[in-house]
1. Short version: ³J(HN,Hα) in whole Hz for each residue of segment 174-180, in order, from phi by Karplus 6.51 cos²θ - 1.76 cosθ + 1.60 (θ = phi - 60°), x for Gly and Pro, what are they?
2. Please name whichever of 114, 78, 41 sits farthest to the positive end of the charge dipole of the chain, dipole taken about the Cα centre and charges placed at Cβ: Lys and Arg +1, Asp and Glu -1.
3. Over all distinct Cα pairs, what is the inverse of the mean 1/r for segment 129-200, reported as the Kirkwood hydrodynamic radius in Å?
4. Keeping all protein chains in place and using 1.4 angstrom, which order do 150, 169 fall into by accessible surface area, from largest down?
5. Whole-Hz Karplus ³J(HN,Hα) for segment 187-200, in order, using 6.51 cos²θ - 1.76 cosθ + 1.60 and θ = phi - 60°, x for Gly and Pro?
6. For segment 7-72, what is Rg from Cα atoms divided by 2.2 N^0.38 Å, rounded to two decimals?
7. In the set [x] 20.0; [y] 23.9; [z] 18.5, which value of Kirkwood radius over Cα pairs in Å was calculated from the structure you see?
8. Would you mind checking 170/191; 39/85; 58/172; 99/124; 39/170; 34/170 for any pair whose Cα atoms are more than 28 angstrom apart?
Amino acid sequence: MAPKSDNTEAIVLNFVNEQNKPLNTQNAADALQKFNLKKTAVQKALDSLADAGKITFKEYGKQKIYIARQDQFEIPNSEELAQMKEENAKLQEQLQEKKKTISDVESEIKSLQSNLTLEEIQEKDAKLRKEVREMEEKLIKLREGITLVRPEDKKAVEDMYADKINQWRKRKRMFRDIWDTVTENSPKDVKELKEELGIEYDEDVDLSFQAYADLIQHGKKRPRGQ
């Protein structure tokens, strides 16, 4: 059951203020699905909040970009920003030290856990022997040309993968359209704005869309039964 209109506005307002970055209706609707809110309800709430002056928006053609009212936030001066950066640097240094300590402890735990008893060694040996037999049986079937995966199961997985790739491609394009629109008239440097809003490209997290998309073509070229 969807929330009432006043609750919907409260949820949407809280989301916009928490994000404090440019959003379109689709961005908000996607994030608020967990509240059982439909896109039309989110759009209505955004427009109502904008009309009431609780949030602001700008129109870029047919597209509306919403953002939290900035006058509700305390904006630090240059001295406060410098102090915050210094504190952040110290916290980052402490974080790295904690991570190293945790890593050292985990390594020690793994080292201790690696010392197996005779009974555990025998159990592990039996398990590995069983896995070897199963892999040998599978290898024999593959050499004889027996298909281990049903064609319909393979097609279902390939179709699902292709759908996810298409969704990825659409979202990349949607983001690029919005980002180009926002940055075209922004006085800030694009890179600086990107860092300020916490935006990351696929490449920033070592992901290559093309590499995953190419797998579809490689799969089509693979001989049947393999």
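The values are calculated or read from the model by the stated rules, or taken from the named source; none is laboratory data. All values derive from a computational prediction rather than experimental measurement. Glycine also receives a Cβ, built like all others from the backbone with ideal geometry; neighbour counts cover every protein chain displayed. Just the protein is used for accessible areas: all its heavy atoms, side chains included, with ligands, DNA and RNA removed. Shrake-Rupley method; radii C 1.70, N 1.55, O 1.52, S 1.80 Å.
1. Rounded to whole hertz, the list is 4, 4, 4, 4, 5, 5, 4.
2. 41
3. Working: mean 1/r = 0.0590 Å⁻¹.
That comes to 16.9 Å for segment 129-200.
4. Working: 150 135, 169 90 Å².
My answer, sorted largest first, is 150, 169.
5. Running phi through 6.51 cos²θ - 1.76 cosθ + 1.60 with θ = phi - 60° gives x, 7, 5, 4, 5, 5, 5, 4, 5, 5, 8, x, 8, 10 Hz.
6. Cα Rg divided by the expected 2.2 N^0.38 Å: 0.99.
7. The listed entry that was calculated here is [y].
8. Numbers: 170/191 23 Å; 39/85 38 Å; 58/172 22 Å; 99/124 32 Å; 39/170 17 Å; 34/170 22 Å.
Listed pairs above 28 Å: 39/85; 99/124.
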